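Written below as structure tokens is the structure these notes are about.
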Amino acid sequence: MKIAIPVENKTLEANVSTVFGRANYFLIYDTEREESVFVDNLAQSSAGGAGIKAAQTVVDQKVNALLTPRLGENAADILEAAGIKIYQAINASARKNIDAFGDGKLSLLDEVHAGFHEHGDN
Amino acid sequence: MKIAVLSGKGGAGKTLVAVNLASVAKKSTYIDCDIEEPNGHLFFKPQAVREEEVAVLIPQVNHDLCDGCRRCIDFCRYNALAYIKERLIVLAELCHSCGGCNLVCPQNALAEIERPIGKIQTGISDPVTVKTGFLNIGEASGVPIIKQLLAGLETTADSLTIIDSPPGSACNVMESVKEADYCILVAEPTIFGVHNLNLVYELVKLFNKPFGVVINKCLETENPAEKFCVENNINILARIPFDRELGLLNSNAEIAVRKKEEYREKFSALLNTVAKEVRHEAAAYSQR
Amino acid sequence: MKQLLILSGKGGTGKTTIASAFIKLATAKAYADCDVDAPNLHLVNEWKTEPKKRDYYGLPRAEINDELCTGCDLCRQNCRFDAISKAEKYMIDPFSCEGCGVCEYICPAQAIKMVPSVDGELMLYSDVEKAFSTAQLKMGSGTSGLLVTEVKKQLKSVNVGAQLAIIDGSPGIGCPVIASLNGVDMVLIVAEPSLSGISDMERIIKTAAKFGTKTVVCINKYDTNLEITEQIEEFCRRHDLPLVGMIPFDFEAVKAINNGQTIVDIDCASGTAVKEVYQRTMESFA
């Protein structure tokens with residue numbers, strides 16, 4: 001299966017990014033092939049709605065799961081609509097998160113914070 | 001005569017000045033444009049309140065016509081659209097109602113529907129007509145509410161409208177001062193106060209509005225706000241001394257001029273000063 | 001790095017005065033001012049060095065090339081923000097333009113381009129030991145949520161080994177506040193005993209609750225209205241919000257601030273009270 005992880009650097013040792021919508025990259029990891037691809041997060045510099053654009057990027061990568069420390073409501077709605085399972089990442093490297101996920105140690109993200117409207121106007 | 005009351009930051013005494021000025025006039029309209037945290041109505045406790053909804057237009061998708069070309073998604077600068085499982089989704093709170101998605105859609109799959117973002121209450125607190133804008137919690141932009149609050153105001157020379165602006169100097173503040181004949185800047189006598197005063201000072205200069213400063217909570221000690229005004233040749237309209245009684249009335253959301261003659265006299269004097277300034281400006285303008 | 005955010009709802013409750021005292025008491029190595037509309041924290045800090053500055057770009061704005069414009073009026077008719085006016089030539093009001101790009105799209109003569117526009121300035125003060133991140137939004141600009149995010153990112157970009165970051169939040173309940181709440185570990189609300197203060201505090205607590213962030217409350221200038229102070233205490237009890245202290249109104253505080261000092265730099269009643277607030281906040285934080 002394919003999983004996505006928001007990261008700050010293009011390495012498996014990079015820490016998981018705490019802000020999904022404004023992470024630098026998404027690590028797309030194929031658990032069967034053990035292959036990793038890093039996708040630029042084009043939403044990063046969006047003035048508004050970064051979470052949505054980021055979610056769209058993740059959805060378009062056709063992943064099965066997302067590992068993230070937290071997530072906005074809008075992004076969560078989109079990912080859920082796309083049938084992507086969202087797991088609570090641990091505060092550690094991407095690799096450690098992949099291992100923890102493989103061992104079934106990550107739980108589903110139960111708390112989604114309210115929309116993070118980085119809108120204009122005020 | 002439309003007077004906007006503003007301050008670089010909340011807490012300087014903007015609502016105190018606006019509410020009391022509106023209350024000393026024979027007849028006036030008080031408009032609370034501080035739509036994120038409107039407080040003026042707490043003072044006026046208006047009666048016979050009418051309520052109108054403020055709505056913006058957002059796109060509605062006709063899924064039968066949408067073929068998933070994603071041109072609208074690429075166009076939208078606010079990331080208010082997404083395409084998930086072969087369906088276009090609208091994220092309403094992010095939409096700025098620009099209508100662009102509708103324009104770019106080659107399939108005519110988008111229509112526009114209204115979506116409420118807040119409300120306006122209009123009531124009476126004799127002799128003041130009180131209009132208050134409320135932005136719903138979680139909404140990001142109140143500019144459409146401010147526009148609607150200020151639309152269609154009567155503008156006769158002897159009618160008085162006091163506009164209580166939002167704090168700061170962002171776009172919602174600009175919206176609230178665009179129509180004003182005169183601006184009152186309320187400042188605190190601290191170095192924070194001066195910094196914040198400078199922000200709105202820049203704003204009124206940019207809009208070329210006549211203005212003056214009211215310094216609130218003045219102490220006997222050194223007054224950086226006063227110094228700033230002198231250095232920049234800014235007219236000081238009034239100095240309101242720090243006064244525990246006034247502070248207490250205000251914190252209980254009482255209108256000071258309705259409670260004590262002394263305050264009524266002071267705010268009447270301020271209103272007269274401002275009215276003179278406005279007439280002076282109008283005369284100066286007609287001579288130009 | 002744990003993050004403590006100081007918020008107030010209503011402006012002018014003394015948020016920055018308390019934030020600056022906390023920074024002093026914690027000898028904080030990392031702190032930020034997220035009140036990008038009217039930042040004040042830089043007025044009471046001890047940086048002797050000049051900050052590193054960089055421009056902040058928000059949404060692009062439209063620009064019309066007069067030579068290409070044929071005066072067809074389509075842009076003006078389609079602009080929902082009334083940002084385009086026609087006099088001798090077509091003009092764009094940069095303060096009304098929300099950067100949507102409709103005019104650029106609709107123009108048949110390709111006379112309109114969306115160009116990046118400077119909406120503010122980010123400033124970073126740092127040395128080997130500590131870092132202070134702040135920014136000033138340009139007047140009339142409206143993308144402060146992104147700028148707040150940038151301020152916080154900028155603070156994290158400097159590695160000073162800080163355990164704790166103290167963040168002065170912005171007033172209100174809108175977009176910048178929501179942006180400043182993202183990723184913080186605890187919120188201290190500075191309430192003020194006035195009817196307006198209460199209704200603003202309730203709104204900000206609702207906002208913080210939506211994020212599920214741990215929240216504590218202190219009351220500033222509590223003695224200016226004891227009746228409402230009691231109401232706030234009652235409100236906190238009812239909502240299970242820890243009340244971490246009360247600070248009296250103090251003329252000395254104004255003097256300290258005007259001298260560029262924090263209230264814990266001098267011996268005064270408000271300074272003594274804020275020390276207790278600090279202690280108890282840190283205990284709840286642990």
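The values are calculated or read from the model by the stated rules, or taken from the named source; none is laboratory data. Every value quoted in this text rests on a predicted model; they were computed, and no experiment measured them. Backbone-built Cβ (ideal geometry, glycine too); neighbour counts: all protein chains shown. Quick note on the areas: whole protein, heavy atoms, side chains included, nothing else; ligands and nucleic acids left out. Shrake-Rupley method; radii C 1.70, N 1.55, O 1.52, S 1.80 Å.
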Projected onto their principal axes, the Cα atoms of chain B stretch, largest extent first, over whole-Å spans of 70, 44, 41
Cut-off 10 angstrom, C-alpha nodes, Gaussian network model of chain C. Which of C:Glu252, C:Glu234, C:Glu67 fluctuates the most?
C:Glu67
Selection from B:Leu6, A:Gly72, B:Phe207, by position along the positive dipole direction of the protein assembly as shown (Cβ)
B:Phe207
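Just counting partner chain Cβ atoms within 10 Å, what average do the residues of peptide A:76-84 show around their Cβ? Spell out each step's value before the answer.
Numbers: counts 0, 4, 6, 1, 1, 5, 6, 2, 1.
Mean inter-chain Cβ contacts per residue within 10 Å come to 3.
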Give the cross-link partners of B:Lys9 among the lysines, using a straight C-alpha distance below 17 Å as the criterion and excluding same-chain residues fewer than 8 apart.
B:Lys217, C:Lys10, C:Lys15, C:Lys138
Kirkwood Rh, Cα atoms: Rg over Rh of chain C:
1.08
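Taking every residue in B:94-104, how many Cβ atoms of other protein chains lie within 10 Å of its Cβ, on average? Intermediate results must be reported in sequence, preceding the final value.
On the way: counts 10, 3, 10, 4, 10, 5, 9, 2, 1, 4, 4.
If you average over the peptide's residues, the count of other-chain Cβ atoms is 6.
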Bins of 10 Å from zero: percent of alpha-carbon pairs in segment B:63-108
29, 60, 11
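Could you rank the peptides B:95-107, B:261-273 by their average count of other C-beta atoms within 10 Å per residue, with the highest value first?
On the way: B:95-107: 20.1, B:261-273: 16.2.
Order by mean packing, descending: B:95-107, B:261-273.
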Amide H of C:Gly245: which non-local residues (sequence gap of 5 or more, or other chain) have their own amide H closer than 5 Å, using H built in the peptide plane?
C:Ile219
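Grab the beta carbon distance between B:Glu53 and B:Glu220, set R0 = 45 Å, and tell me the FRET efficiency rounded to 0.05.
On the way: r = 50 Å, r/R0 = 1.10.
Result of the calculation: an efficiency of 0.35.
Taking all pairs of distinct Cα atoms, average 1/r, flip it, and tell me the Kirkwood hydrodynamic radius of segment B:1-146 in Å to one decimal place. Walk me through the numbers on the way to the answer.
Working: mean 1/r = 0.0565 Å⁻¹.
Value: 17.7 Å, from the Cα pair sum.
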The ratio Rg/Rh over the Cα atoms of segment C:141-286, Rh being the Kirkwood inverse mean 1/r radius, stands at 0.97
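With runs of 4+ DSSP H residues as the only contributors, calculate the mean residue ellipticity of chain A at 222 nm using -39,500 (n - 2.57) per run, divided by the residue total and rounded to the nearest 500.
Details: 3 runs with 29 residues, N = 122.
Value at 222 nm, helices only, nearest 500: -7000 deg cm²/dmol.
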What does the charge dipole of the protein assembly as shown about its Cα centre add up to, to the nearest 20 debye, if the Cβ of each Lys and Arg holds +1 and the Cβ of each Asp and Glu holds -1?
240 debye
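Would you mind checking C:Lys156/C:Lys206; B:Lys178/C:Lys89; B:Lys2/B:Lys147; A:Lys96/C:Lys156 for any pair whose Cα atoms are more than 18 angstrom apart? Walk me through the numbers on the way to the answer.
Values: C:Lys156/C:Lys206 27 Å; B:Lys178/C:Lys89 22 Å; B:Lys2/B:Lys147 15 Å; A:Lys96/C:Lys156 22 Å.
As for pairs spanning more than 18 Å Cα to Cα, those are C:Lys156/C:Lys206; B:Lys178/C:Lys89; A:Lys96/C:Lys156.
When the helices in chain C are scored as -39500 (n - 2.57) per DSSP H run of 4 or longer and the sum is shared across all residues, what 222 nm value do you end up with, to the nearest 500 deg cm²/dmol?
Working: 9 runs with 97 residues, N = 286.
Rounded to the nearest 500, the figure is -10000 deg cm²/dmol.
When a/c reaches 1.5 or more, the comparison of a/b and b/c decides; with that in mind, is the protein assembly as shown rounded, prolate or oblate per its Cα gyration tensor?
Judged from the Cα gyration tensor, the protein assembly as shown comes out oblate (a/c at least 1.5, b/c at or above a/b).
Which whole number in µm²/s is D for segment C:61-116 by Stokes-Einstein, with the Kirkwood Rh taken over Cα pairs at 20 °C and 1.002 mPa s?
Working: Rh = 10.8 Å.
So the translational diffusion coefficient is about 198 µm²/s.
Rounded to the nearest angstrom and ordered from largest down, what semi-axes does the equivalent ellipsoid of chain A get from its C-alpha gyration tensor (root of 5λ)?
Working: eigenvalues 97, 44, 34 Å².
After scaling each eigenvalue by five and taking roots: 22, 15, 13 Å.
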Once phi is turned into θ = phi - 60°, what whole-Hz ³J(HN,Hα) does the Karplus curve with 6.51, -1.76 and 1.60 give for every residue of segment C:176-190, x standing for Gly and Pro?
x, 5, 4, 5, 6, 6, 4, x, 8, 9, 8, 10, 9, 9, 9
Using a simple spin-label model with points 7 Å from Cα along the Cα→Cβ vector, what separation in nm is obtained for C:Asp185 and C:Glu46?
2.4 nm
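In deg cm²/dmol and to the nearest 500, what is the mean residue ellipticity at 222 nm of chain B if only DSSP H runs of at least 4 residues count, each as -39500 (n - 2.57), divided by the residue total?
Details: 11 runs with 104 residues, N = 288.
Taken over chain B, the calculation gives -10500 deg cm²/dmol.
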Per DSSP, loop trypsin sites (Lys or Arg not before Pro) in segment B:16-51 with at most 11 further Cβ within 10 Å
B:Lys26
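With an 8 Å Cα cut-off and a minimum separation of 6 or more residues, compute the relative contact order for chain B in percent. Each step should come with its number before you reach the end.
On the way: 562 pairs, mean separation 76.2, N = 288.
Computed over chain B, the figure is 26 percent.
Arrange the peptides C:113-119, A:72-78 so that the one whose residues have, on average, the most other Cβ atoms within 10 Å appears first. It would help to have the intermediate numbers written out before the result.
Values: C:113-119: 15.9, A:72-78: 24.1.
Peptide ranking by packing, descending: A:72-78, C:113-119.
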Measure nothing fancy, just the Cα-based angle from helix C:269-285's long axis to the longest principal axis of chain C, in degrees from 0 to 90, nearest 10.
80 degrees
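First compute the accessible area of segment B:63-108 with a 1.4 Å probe, then give the percent of it belonging to carbon and sulfur atoms. Present the calculation step by step, with values, prior to reporting the outcome.
Numbers: 910 of 2200 Å².
Of the solvent-accessible surface of segment B:63-108, carbon and sulfur hold 42 percent.
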Estimated distance in nm for a label pair at C:Glu283 and C:His239, the labels positioned 7 Å out from Cα along Cα-to-Cβ
2.3 nm
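Only Cα pairs under 8 Å and at least 6 apart count here; give the relative contact order of segment B:63-108 as a rounded whole percent.
Details: 54 pairs, mean separation 19.5, N = 46.
Once normalised by length, the contact order is 42 percent.
Within 9 Å, Cβ to Cβ, of C:Gly12, how many net charges do the neighbouring residues add up to if Lys/Arg are +1 and Asp/Glu are -1? Mind dumping the intermediate values first?
On the way: positive: B:Lys9, C:Lys10, C:Lys15; negative: B:Glu188, C:Glu192.
For residues surrounding C:Gly12, the net value is +1.
Cα-based Rg of segment A:1-67 per 2.2 N^0.38 Å, rounded to two decimals? Write down the numbers at each step before the final one.
On the way: Rg = 11.1 Å, N = 67, 2.2 N^0.38 = 10.9 Å.
It is 1.02.
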Using packing as a proxy for protection, rank B:67-80, B:183-196 so that the peptide with the highest average count of other Cβ atoms within 10 Å comes first.
B:183-196, B:67-80
Quickly work out the A:Val39-to-C:Glu230 label distance, labels modelled 7 Å from Cα along the C-beta direction, and quote it in nm with one decimal.
6.0 nm
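What is the magnitude of the charge dipole of segment A:1-100 about its Cα centre, with +1 placed on the Cβ of each Lys and Arg, -1 on the Cβ of each Asp and Glu, and no other charges, expressed in debye to the nearest 20?
On the way: 10 positive and 12 negative charges, 26 e Å.
My answer is approximately 120 debye.
Over all residues in C:9-19, what is the mean tally of Cβ atoms on other chains that come within 10 Å of each residue's Cβ? Mind showing how you got there, number by number?
On the way: counts 3, 7, 11, 13, 2, 2, 2, 2, 2, 0, 0.
Average neighbour count from other chains, rounded to a whole number: 4.
Nothing charged except the Cβ atoms of Lys and Arg (+1) and of Asp and Glu (-1): what's the magnitude of the dipole of segment C:61-116 about its Cα centre? Round to the nearest 20 debye.
Values: 6 positive and 9 negative charges, 21 e Å.
Dipole about the Cα centre, nearest 20: 100 debye.
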Please tell me the relative contact order of segment A:2-102 in percent, rounded to the nearest whole number, where contacts are Cα pairs under 8 Å and at least six residues apart.
30 percent
To the nearest 10 degrees, how steep is helix C:15-25 against the longest Cα principal axis of chain C, on a 0 to 90 scale?
60 degrees
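Work through the residues other than B:Ala18 whose Cβ is under 10 Å from its Cβ and net out their charges, Lys, Arg +1 and Asp, Glu -1. Intermediate results must be reported in sequence, preceding the final value.
Details: positive: B:Lys14; negative: B:Asp32, B:Asp34, B:Asp164.
Every neighbour counted, the sum reads -2.
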Just going by the charge dipole of segment A:1-81, with Lys and Arg at +1 and Asp and Glu at -1 on Cβ, which of A:Val59, A:Ala81, A:Leu42 is farthest out on the positive end?
A:Leu42
